[in-house]
Amino acid sequence: MGLIKKLVIGFFLLLLIGVAGIFGMQYYYNTFYTKVPVEVKTETVNGDVFYLSHVLPAGKYYINASSEGTVEKIVILDENSNVLTESEAGSMIYGSSRPFKVRVDYKAPLNVDSYKVSVGIYRLEKK
């Protein structure tokens, strides 16, 4: 029984360290990096839509998407449109040594003809 208790406590300790690391990374990039706008757009749209960026050069980026509906996911694609990673959050920090594209999927709110969506892609540069 002592071994199982140690494993459970170790699991939750690792989980806590991981969550602290994520928030620490967000704080670090927000504090010590400048956000240089690469592409910032707001549009009024109808129905479920998606946004696809042009090919972005290698580097670190902050991607922020918002909508009056729902931001379903942010997907990072390589130059051949293969999925590299995705996030179901409205914002993310992504760094790559290869060029990539960003795709944001939006879902329309119920009983609304048109709604606003926005996306901001910012290059992170050391202060």
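Dipole magnitude for the stretch 51-107: computed about the Cα centre from +1 point charges on Lys and Arg Cβ and -1 point charges on Asp and Glu Cβ, it is near 160 debye. Surface analysis of the chain yields an accessible area of 66 Å² per residue, using protein heavy atoms and a 1.4 Å probe. Here the accessible area is traced with a 1.4 Å probe on the protein chains. For the stretch 1-53, carbon and sulfur cover 74 percent of it.
Helix 2-32 and the longest principal axis of the Cα set of the chain meet at an angle near 40°. The residue list Tyr27, Val71, Pro57 was ranked by how far each Cα lies along the charge dipole of the chain toward its positive end, using unit charges on Cβ atoms, and Tyr27 comes out on top. On full extension, the segment bounded by Leu52 and Leu7 gains 11.8 nm, given 0.36 nm per residue less the C-alpha separation. Size descriptors for the stretch 31-92: radius of gyration and Dmax over Cα atoms are 12.8, 39 Å.
In the list (1) 147; (2) 135; (3) 125, the label attached to volume of the Cα convex hull per residue in Å³ as derived from the coordinates here is (1). For Lys107 and Ala20, a Förster radius of 22 Å and the Cβ-Cβ distance give a FRET efficiency of 0.10, rounded to the nearest 0.05. Rounded if a/c is under 1.5, else prolate if a/b beats b/c, else oblate: with a ≥ b ≥ c from the C-alpha gyration tensor eigenvalues square-rooted, which is the stretch 14-54? Judged from the Cα gyration tensor, the stretch 14-54 comes out oblate (a/c at least 1.5, b/c at or above a/b). Evaluated with a Cβ-only charge set (Lys, Arg +1; Asp, Glu -1), the chain carries a dipole of roughly 680 debye about its Cα centre, given to the nearest 20. Once both labels are positioned 7 Å from their Cα atoms along Cα-to-Cβ, the gap between Glu88 and Glu43 label points is 2.6 nm. Dividing the summed -39500 (n - 2.57) terms of all DSSP H runs of n ≥ 4 by the residue count of the chain sets its mean residue ellipticity at 222 nm at -9000 deg cm²/dmol. Within the set Lys35/Lys126; Lys73/Lys107; Lys35/Lys73, which residue pairs have Cα atoms separated by over 18 Å? Lys35/Lys73, as the Cα separations exceed 18 Å there.
Could you tell me the distance between the Cα centroids of the stretch 80-126 and the stretch 17-59, to the nearest Å? Here the two parts' Cα centres lie 7 Å apart.
The values are calculated or read from the model by the stated rules, or taken from the named source; none is laboratory data. Small disclaimer: the values here were computed from a predicted structure and weren't measured. Note that each Cβ is placed from the backbone with ideal geometry, even for glycine, and that neighbours are counted across all protein chains shown. The accessibility values were calculated without ligands, DNA or RNA, using every heavy atom of the protein model including side chains. Shrake-Rupley method; radii C 1.70, N 1.55, O 1.52, S 1.80 Å.
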